[in-house]
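Take a look at the structure below.
Values in this text are rule-based calculations from the coordinates and carry no lab data. Predicted model, so just to flag it, every value in this text is computed and none were measured. Every residue, glycine among them, receives a Cβ derived from its backbone with ideal geometry; neighbour counts consider all protein chains shown.
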Amino acid sequence: MNYYAIINGINSLLSFGIAVVIFLNKSRKPATVTFGLFAFLVFLWTFFYFMWGLQTELPKSLVWFQLLEYPVCFIHMAYFHFALAFSNNVSKYKKSLLLGYLISVVLAVINSQNGFFDLTYIRNRTPFLYWPHASPLLSLFIGSEVIYVAFSFFILAQSIKTTKEPFKHRLKQFLTINIIGWTGGVTNWFYFYDSTPIPPIGNPAVTFYLLGVFYLIYKHDIFDIKFVIQKTFIYAMLTLFITLIYTTFIVVFERLFQSFFGYSSIIAVILAALTIAILFNPLKEFIVNLLERRFFGKKLIELSSENIQMKIELQKQDQMKAVATLASGMAHEVKNPLTAIKTFTEHLPQKFNDPEFISKFTQVVGPEVEKIDSLVKQLLEFSKPSPLQLEKLNIHHVLSETLELLSGEFIKHNIKLQKSFPDIPEINGDKKQLKQVFLNLFLNSIQAMPNGGTLTVSTSFTRKRELLVSISDTGIGIPKENLPHLFDPFFTTKQDGTGLGLAIVHGIIKEHGGKIEVQSAANQGTCFNILFKTI
Amino acid sequence: MSLDSNKPTLLICDDEEGIRESFKLVLGDLYNLRLVRNGVEALDLLKTFTPDAMLLDIKMPKIHGMEILKQIKKLKPRLPVIIVTGYQSVEMAQEALKNGASDYIPKPFESQQILKAVSDVLK
């Protein structure tokens, strides 16, 4: 077995792991799905490469060789597609994307006719026994790959520019390992030309790249895939070790002991199985340890808590932004009670002997002070995050209280409010968190209607006995291509947005066992529908 | 409330009890006051009655103060209206004056400010 085949074997396990993790995860975001497809193609390529390296007979070798070129025809396009999806540019570059896929199909057809290689000129190039020489058509193949990959890098680099820290840093890391991986992969092409006798040294770079992707997925949750990765990685490594043990046994036995035992494969299999059974648990512990200490540098638990900590920090930031808007609205709210208090205290020195005035004074000033107190309390409530506390509640109260908080904002922005609150059953909910949900949605609606409009808030009871809260505005609407990303953390189109508002909304609704959906049309408005289970 | 025919009559439109009481305290000795809580009540009253001036809040339930101002100005173009609001901004002040308001006073106000503004519009 040549070393290069082994490297490709490892790569195929790693890329298979990534593809599986991505497809097992429920996330169906275009960027995640396209990266999954890309990982799967890398798996096919490396696996066929691995099989090709193992062959000792020419015809079989050529079959695997031809097979391995099929995924290669599409890899760069899957990667380009991913880069577009990741940077929300699919619709902008739709034509380039279609053209690229079309070229890939043509490449695959040419490959089926063995058009890229001169099969009459096959050399033994260490460590491969049968290495074909390029035909003139291969330059087309390489050309289209290089153009599309460079284009992808360009698009990813552009999207880094508009990303904020700390995500900028992660994206940079991601792009760097991407460039390393692709540069490594590209060295495979050189060996097909006699004039550039550089052996394919690049595939270990692909290993490095795949490990890097694992690391970023795990540590920074770049595809929103949480802790599935740890197990997958461990089992991928275990499978690798087990395969190695198994192969070693078979090979060693067949080479050394065949002469003693005759045909001894069965004994070899049994012995291999026994060894694997004995070694399985220590091996697993060894790999977990290795991963935690050597690869990640920290215990996995510590890493994930680091991640969670950062998310909490950002959530706080977002919450404080909402609080700031509320506070400016409330500054106005405070003015009414303040006016009353001020006027009455102004008259106090002249009228403190007038019993009628004194009775009015207590009647008016007391409640006004309480109003200010309650406003301040409500504001504080928003600035402190707290764990979910469910209670029976009427959603109308929560909606009305949140709308009341924003009444100043509605006036300021010339927004008409329409409420439709028919009789509905109660739900189990966390009042504070739901207030935050509605606050975020209302603030978004206000921002979507800079020149005024109508905000409609209605509730209804569905046939499935669910409670539907509908919040719709007549604002600028959300571009179609942004809709799939709307609830993604850190997705934002606002200059100073953290991209967490709607992600928090989504998270809270999910915790309540509810669902949230959005419909939007450009310049017509946006409608959020939230479904809650009733009691 | 009995009306003293020697005193000018002011219509005050504000949804906040504390504010209405404050107006009573500041203006009650010098003027006859008619107090209403929202635009619907104000417009109803104005169909049958013409005060000498009006004090109007902006943020109120049912009808937005600015909308009330426009309708009043259609109904009684000569009635002086003073806007008294906590939601002050240059734009809103400009819009109020454009729609025919005579003055624009931010909350919290000084008693003297109100007294002066009312006596000015009544001149």
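Quick rundown of the values:
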item: Approximate spin-label separation residue B:78-residue A:470, in nm, with each point projected 7 Å along Cα-to-Cβ; result: 5.0
item: Rounded to whole Hz, the Karplus (6.51, -1.76, 1.60) HN-Hα couplings of segment A:435-442, x for glycine and proline; result: 4, 5, 4, 5, 4, 4, 5, 5
item: Loop GluC sites (Glu not before Pro), segment A:341-439 (other Cβ atoms within 10 Å of the site Cβ: 16 or fewer; DSSP); result: A:426
item: In segment B:1-102, trypsin sites (Lys or Arg not before Pro) in a DSSP loop with at most 13 other beta-carbon atoms within 10 Å; result: B:62, B:78
item: For residues of A:342-348, the mean tally of beta carbons on other chains within 10 Å; result: 5
item: Rounded FRET efficiency, nearest 0.05, which uses the C-beta distance separating residue A:327 from residue B:6 and R0 of 56 Å; result: 0.75
item: FRET efficiency estimate (nearest 0.05) - Cβ-Cβ, residue A:290 to residue A:519, R0 51 angstrom; result: 0.55
item: For B:86-93, mean number of other protein chain Cβ atoms within 10 Å; result: 4
item: Burial ordering of A:352, A:116, fewest other beta-carbon atoms within 10 Å first; result: A:352, A:116
item: Violating pairs (Cα-Cα greater than 27 angstrom) within the set A:392/B:59; A:335/A:435; A:172/A:515; B:7/B:73; A:377/B:107; A:416/B:24; result: A:392/B:59; A:172/A:515; A:416/B:24
item: Cut-off under 5 Å, modelled amide H: who pairs with residue B:33 long-range; result: B:10
item: Förster-model FRET efficiency, 56 Å R0, residue B:122 and residue A:461, C-beta, rounded to 0.05; result: 0.50
item: Cα pair distances of segment A:32-127 binned at 10 Å [whole percent]; result: 16, 39, 28, 14, 4
item: Spin-label model distance (nm) - residue B:97 vs residue A:393, 7 Å beyond Cα toward Cβ; result: 4.5
item: Sum of side-chain charges, residue B:100 neighbourhood, beta-carbon under 14 Å (Lys, Arg +1; Asp, Glu -1); result: +3
item: Shielding by partners - mean other protein chain Cβ count within 10 Å, residues of B:45-52; result: 0
item: Table column - 3J(HN,Hα) (Hz), segment A:452-461, Karplus curve with 6.51, -1.76, 1.60, x for Gly and Pro; result: x, x, 10, 9, 10, 10, 9, 10, 7, 10
item: Fewest-first sequence of A:396, A:512 by Cβ atoms within 10 Å of each Cβ; result: A:396, A:512
item: Local net charge near residue A:521, Cβ-Cβ under 15 Å (Lys/Arg +1, Asp/Glu -1); result: -2
item: Signed unit charges on C-beta, dipole axis of chain B, positive-most listed residue B:50, B:32, B:81; result: B:50
item: Burial ordering of A:369, B:90, fewest other beta-carbon atoms within 10 Å first; result: B:90, A:369
item: Whole-Hz couplings from phi, Karplus 6.51/-1.76/1.60, listed for segment A:116-121; x for Gly and Pro; result: 8, 10, 8, 6, 8, 10
item: Euclidean distance of C-alpha centroids, segment A:419-484 and segment A:126-194, integer Å; result: 45
item: Where labels lie 7 Å past Cα in the beta-carbon direction, separation of residue A:91 and residue A:414 in nm; result: 2.8
